[in-house]
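The structure appears below as structure tokens.
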Amino acid sequence: MVVGRLNKSFLLFLFLVLFPQKLFAVEFEGKFIQGSFILGKTLADSKIIIDDKKIRLTKDGIFVFGIGRDRKNNIIIKISKNGKTEIIEKKILKRKYKIQRIDGLPKKQVTPPPEVYERIKKDNILIGQAREINSPLIHFKKKFIKPVENAIITGVYGSQRILNGKPRRPHYGLDFAAPEGTPVKAMMDGIVTLSEKSLYFTGGTIIIDHGHGISTLYMHLKDVSVKKGELVEQGKIVGTVGKTGRATGPHLDVRLNWFNVKLDPSSVLNEIN
Ligand SMILES: [Zn+2]
């Protein structure tokens, strides 16, 4: 009996020494690759710090984060509970991005005239403020859906853009080409945090907050059918496909953000991956 009990506690001791991480389980859903959206699950009431930033945790221990287009350094995830801390370091896989040349754009769309600089600055502040929102909504845990049915993907995340021969910012969205007026659906439940009819580059623009810094952005819309502050359900028609702002033809350009980090929308859409 005594020997048996001793063996049991010795085995437990051995187990704890060999597998300390079992005390502090963390699971990830998503790839550690540039542009990726990643869900984490750990014990409830833990404290999570990613790259020195404190991250929200849901009541059931779920958190979310993303990897930027050009991130090269490892990502460091610190998880603490009851005075114990575990540090997880993950390597980031690099991607090769396409080069996309678009010619024949009106000159003012490639290099905006000085008189619109103020307007562009204001637009960027509006978009930036909406992306910074750190709300306790937890919709991001659900599966996202495609915003447009039966559309052709004409632009992908990350492409280096050369407009009329001039190198410009990379393309961060996923482009769905569809006829003007095609309904655009909310990819996920959330709260509308920006609803604008005519921003300079993005035209009719909507941003929906899905919680914990995750938002989706819909641009070049012909119609904008939701108001700021409105609660929308996944699949709700929020507007229609257009070619407003800087666009060569009717298409929806959809974006996925984790705060100011632009993520690849296809990382949350299985059928496109
Ligand atoms: Zn686009």
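The values are calculated or read from the model by the stated rules, or taken from the named source; none is laboratory data. Fair warning: this is a prediction, and the values are worked out from it, not measured in the lab. Here Cβ is always computed from backbone atoms with ideal geometry, including for glycine, and neighbour counts include all displayed protein chains. Note: areas computed on protein heavy atoms with side chains; ligands, DNA, RNA excluded. Shrake-Rupley method; radii C 1.70, N 1.55, O 1.52, S 1.80 Å.
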Note to self: For the stretch 134-145, give me the residue count where each residue is among the basic types (Lys, Arg), surrounded by 15 or more Cβ atoms within 10 Å (Cβ to Cβ) and part of a loop (DSSP other than H, G, I, E, B).
What the structure shows: 0
Next item on the list: Can you confirm whether the stretch 115-133 contains a residue that is touching a strand residue (DSSP E or B) at 6+ places or on another chain (Cβ under 6 Å) and assigned to a loop (DSSP other than H, G, I, E, B)?
Entry: yes
Margin query: Of the conditions (1) within 19 Å of Asn134 (Cα to Cα); (2) modelled with pLDDT under 95, Gly66 satisfies every one except a single condition; which number is it?
Written below: (2)
Next item on the list: Mind listing whichever residues of the stretch 213-269 are within 16 Å of the ligand (Cβ to nearest atom), in contact with a Gly (Cβ under 7 Å, 6 or more places away or on another chain), among the β-branched types (Val, Ile, Thr) and open to solvent by 10 Å² or more (accessible area, probe 1.4 Å)?
Entry: Thr244
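Which of the strands (runs of 3 or more DSSP E) contained wholly in the stretch 21-104 include at least 2 residues that are open to solvent by 30 Å² or more (accessible area, probe 1.4 Å)? It would help to see each step written out before you state the result.
Working: elements: 27-29, 37-41, 47-50, 53-55, 62-66, 75-81, 84-90, 99-102.
Where strands (runs of 3 or more DSSP E) fall fully within the stretch 21-104 and carry at least 2 residues being open to solvent by 30 Å² or more (accessible area, probe 1.4 Å), they are 27-29, 47-50, 53-55, 75-81, 84-90, 99-102.
Got a number for residues in the stretch 168-194 being within 20 Å of the chain's Cα centre (by Cα) and within 20 Å of Pro250 (Cβ to Cβ)? Explain how you work it out, then say what you get.
We begin by selecting, within the stretch 168-194, every residue within 20 Å of the chain's Cα centre (by Cα); these are 169-176, 184-194.
Going one step further and asking which of them are within 20 Å of Pro250 (Cβ to Cβ), we end up with 171-176, 184-187.
The number of residues fulfilling the criteria is 10.
Can you tell me which residue is farthest from the ligand (Cβ to nearest atom) among those in the stretch 146-164 that are of a type in the set (Gly, Ala, Ser), on the phi < 0 side of the Ramachandran plot and assigned to a loop (DSSP other than H, G, I, E, B)? Can you show your working first?
Filtering the stretch 146-164 for residues of a type in the set (Gly, Ala, Ser) gives 151, 155, 158-159.
Subsequent filtering for residues that are on the phi < 0 side of the Ramachandran plot retains 151, 155, 159.
Then keep just the ones that are assigned to a loop (DSSP other than H, G, I, E, B); that gives 151, 159.
Details: Ala151: 12, Ser159: 9 Å.
Applying the filter and picking the extreme gives Ala151.
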